[in-house]
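K.L.:
The structure follows.
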Amino acid sequence: MEQLEPFREDTRSWLEENCPAGMRTPMTRDDDVCWGGRKFSYQSNEQKLWLDRMAAKGWTVPQWPKEYGGAGLSRSENKMLQQEMSRLGCRAPLTSFGIMMLAPAMMKYANEAQKREHLPKIARGEIRWCQGYSEPGAGSDLASLQTSAVDKGDHYLVNGSKIWTSYADLADWIFCLVRTNPKAPKRDGISFLLFDMTSEGVSTAPIQLLSGASPFCQTFFDDVKVPKENLVSELNKGWTVAKHLLQHERNMAAAMGRSGSGKKKPIEQVALETLGEVDGKLADAVLRQKLARFHIREQAFTLTMQRVGDEMKAGADPGPASSVLKYCGSETNKERQELNLAIRGMDSLGWEGEVFDEGRVARSWLRSKANSIEGGTSEIQLNIIAKRVLGLPMNS
Ligand SMILES: Cc1cc2nc3c(=O)[nH]c(=O)nc-3n(C[C@H](O)[C@H](O)[C@H](O)COP(=O)(O)OP(=O)(O)OC[C@H]3O[C@@H](n4cnc5c(N)ncnc54)[C@H](O)[C@@H]3O)c2cc1C
């Protein structure tokens with residue numbers, strides 16, 4: 001690391017010069033997250049400026065190769081960059097399904113022309129992606145999906161419907177699983193297609209969550225023409241691509257369980273600020289014990305995430321262990337939200353009005369209930385752990 005000290009110096013001074021003041025404050029609201037894309041409403045000029053400056057350096061995806069919009073940084077350099085960003089309190093310039101889910105699958109399975117076409121636009125936050133996997137009759141049993149893509153010579157004709165498509169109404173492109181061989185066994189007749197959401201025949205209808213927010217849609221495809229060059233990997237080999245992407249999705253979802261991640265204040269701090277302390281301790285002994293138990297679990301989980309994250313940066317595939325992280329991460333976040341409610345008492349159930357911060361606590365609590373459904377349910381993760389991690393005998 002000593003040899004890298006000049007890099008640290010350069011990074012520090014660049015960040016000090018280029019990170020706008022408003023991008024050095026903690027993110028406290030969903031709107032603070034920059035998702036990019038053609039339809040994104042930037043919260044401020046500073047948010048856009050920060051994205052553009054970081055993208056120009058290749059630092060929205062620091063370890064990606066330069067030809068795909070990254071900076072080609074080594075693991076150690078990236079670690080230094082992250083350290084320097086957190087020292088200054090810099091916000092993440094860009095968060096996207098493109099970076100976290102699609103790109104790892106493209107890096108492995110897309111051809112060179114596809115990588116050069118799509119990855120730089122993801123890195124610069126120009127194109128926002130959504131995930132077209134689940135269908136009304138195919139969620140946990142994803143391989144039963146029915147959306148069809150029929151070979152029409154120079155293009156595929158796509159018909160069908162996807163459901164729970166997060167941010168489909170805000171996304172520019174979709175990565176989509178389609179059935180290309182209805183006669184083959186379920187998993188052998190699926191392909192992985194990319195297409196523009198502005199293509200003729202694509203429409204979306206928002207669906208409301210329990211929390212009152214509407215972050216996802218049902219998505220309809222009615223004779224959508226998709227150029228053949230948008231097929232990733234081989235025809236009918238989409239299941240392999242889909243599974244690889246899912247492992248990255250599960251790791252992304254698992255991050256919600258980490259302590260101090262994103263916009264979350266440590267729960268112990270919330271307890272002390274809300275309930276006060278007596279002799280340096282929380283007065284409520286039962287709550288104190290619950291918080292201590294939670295804190296230990298959260299720390300153990302955070303360290304495991306770090307270890308797996310380091311292994312992945314070193315080139316290891318996350319494999320089925322990503323199901324362990326997804327399961328623990330979503331259950332941890334649900335428990336955190338339950339504790340948050342217990343600490344704040346009845347006031348936390350306020351739903352509207354400034355005094356209740358427009359129901360932020362209650363809405364986050366309700367939103368967390370979806371954590372053990374999105375990205376594959378907890379039951380399905382436990383099945384995968386039993387079968388692929390522990391090697392237990394299973395019926396299917
Ligand atoms: C907030 C949110 C965002 C989402 N975003 C997206 C997205 O962007 N794109 C996308 O494609 N999908 C998305 N999804 C869909 C998500 O992947 C599915 O909801 C999930 O895979 C479960 O499928 P399902 O809803 O059809 O439930 P089902 O599969 O019908 O499951 C119903 C219940 O049965 C249980 N179950 C089913 N099979 C088994 C089994 N074999 N063993 C034990 N229990 C079983 C499940 O655990 C669950 O409790 C999102 C979901 C949510 C909640």
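Computed from the coordinates by the stated procedures, all read-outs in this text should not be read as laboratory data. All values derive from a computational prediction rather than experimental measurement. Don't worry about glycine lacking a Cβ; one is built from the backbone with ideal geometry, like all the others, and counts go over all protein chains shown.
K.L.:
State the volume of the convex hull built on the alpha-carbon positions of segment 107-178, expressed per residue in Å³ and rounded to an integer. Please list the in-between numbers first.
P.N.:
Values: hull volume 8.8 nm³, N = 72.
Per-residue hull volume (Cα only) is 123 Å³.
K.L.:
Now, a different point. With the cut-off at 1.5 for a/c, could you classify segment 129-236 from its C-alpha gyration tensor as rounded, prolate or oblate?
P.N.:
oblate
K.L.:
What length, rounded to one decimal in nm, is gained on full extension from A314 through to K39, with 0.36 nm per residue of separation minus their alpha-carbon distance?
P.N.:
That pair, A314 and K39, stretches by 95.5 nm at full extension.
K.L.:
Nearest 10 degrees, 0 to 90: what angle lies between the long axis of helix 112-123 and the longest principal axis of the chain (Cα atoms)?
P.N.:
Between helix and principal axis, roughly 30 degrees.
K.L.:
Which residue fluctuates the most in the chain, going by a Gaussian network model with Cα springs under 10 Å, if the choices are S211, S13, S348?
P.N.:
Result for the chain, Cα springs under 10 Å: S13 fluctuates most.
K.L.:
If you stretched the chain out fully between S144 and N159, how much longer would it get, using 0.36 nm times the residue separation minus the C-alpha to C-alpha distance? Mind dumping the intermediate values first?
P.N.:
Details: separation 15, 0.36 × 15 = 5.40 nm, distance 1.52 nm.
Result for the pair: 3.9 nm of gain on full extension.
K.L.:
Could you work out the relative contact order of the chain, using alpha carbon pairs under 8 angstrom and six or more residues apart, expressed as a whole percent?
P.N.:
Rounded, it is 12 percent for the chain.
K.L.:
Let me know the Rg and Dmax you get for segment 2-99 when you use only its Cα atoms, in Å.
P.N.:
Just the Cα atoms of segment 2-99 yield Rg and Dmax of 13.4, 44 Å.
K.L.:
Sticking to Cα atoms, compute the Rg of segment 242-389 to one decimal and its Dmax as the biggest Cα-Cα distance, whole number, in Å.
P.N.:
When restricted to Cα atoms, segment 242-389 yields Rg and Dmax of 17.0, 54 Å.
K.L.:
Does anyone have the angle between helix 45-57 and the longest principal axis of the chain? Alpha-carbon axes, 0 to 90°, nearest 10?
P.N.:
On a 0 to 90 degree scale, this one is about 60.
K.L.:
To continue, here is another question. Tell me the mean residue ellipticity at 222 nm calculated for the chain from its helices only (DSSP H runs of n ≥ 4, each -39500 (n - 2.57), averaged over every residue, nearest 500).
P.N.:
Helices in the chain give a 222 nm mean residue ellipticity of -12500 deg cm²/dmol.
K.L.:
Compute the relative contact order of segment 129-236 as a whole-number percentage, counting only Cα pairs closer than 8 Å that sit 6 or more residues apart in sequence. Don't jump to the answer; show the numbers that get you there.
P.N.:
Working: 261 pairs, mean separation 32.6, N = 108.
It rounds to 30 percent for segment 129-236.
K.L.:
Go ahead and run the numbers for FRET between R24 and Q269, Cβ-Cβ distance against an R0 of 22 Å, rounding to 0.05.
P.N.:
So, using R0 = 22 Å, E works out to roughly 0.60.
K.L.:
Based solely on C-alpha atoms, express the radius of gyration and the Dmax of the chain in angstrom.
P.N.:
For the chain, the Cα radius of gyration and maximum Cα-Cα distance read 22.1, 77 Å.
K.L.:
Could you tell me the calculated FRET efficiency between V278 and S203, based on Cβ-Cβ distance and R0 = 45 angstrom, to the nearest 0.05?
P.N.:
0.15
K.L.:
In addition: For the chain, with a Gaussian network of springs between Cα atoms less than 10 Å apart, report the residue from L81, L145, L231 with the top mean-square fluctuation.
P.N.:
Looking only at L81, L145, L231, the biggest GNM fluctuation is shown by L81.
K.L.:
Relative to the compact globular guide of 2.2 N^0.38 Å, what is the alpha carbon radius of gyration of segment 166-207, as a ratio?
P.N.:
After normalising by residue count via 2.2 N^0.38 Å, the value is 1.40.
K.L.:
Provide the FRET efficiency to the nearest 0.05 for the D52-R288 pair, computing r from the beta carbons and using R0 = 35 Å.
P.N.:
0.15
K.L.:
Report relative contact order for segment 2-99 in percent, whole number only (criteria: Cα-Cα under 8 Å, sequence separation at least 6).
P.N.:
37 percent
K.L.:
Still on this structure, please answer the following. With angles folded into 0 to 90 degrees, how steeply does helix 5-18 sit against the dominant principal axis of the chain? Use alpha carbons for both and round to 10.
P.N.:
Between helix and principal axis, roughly 90 degrees.
K.L.:
I would also like to ask the following. Work out the count of Lys pairs in segment 242-389 where the Cα-Cα distance is under 22 Å, with the pair 8 or more places apart or on different chains.
P.N.:
24
K.L.:
Work out the length of the dipole vector of the chain about its Cα centre, built from +1 on the beta-carbon of each Lys and Arg and -1 on the beta-carbon of each Asp and Glu, and round it to the nearest 20 debye.
P.N.:
In total the dipole reaches around 800 debye.
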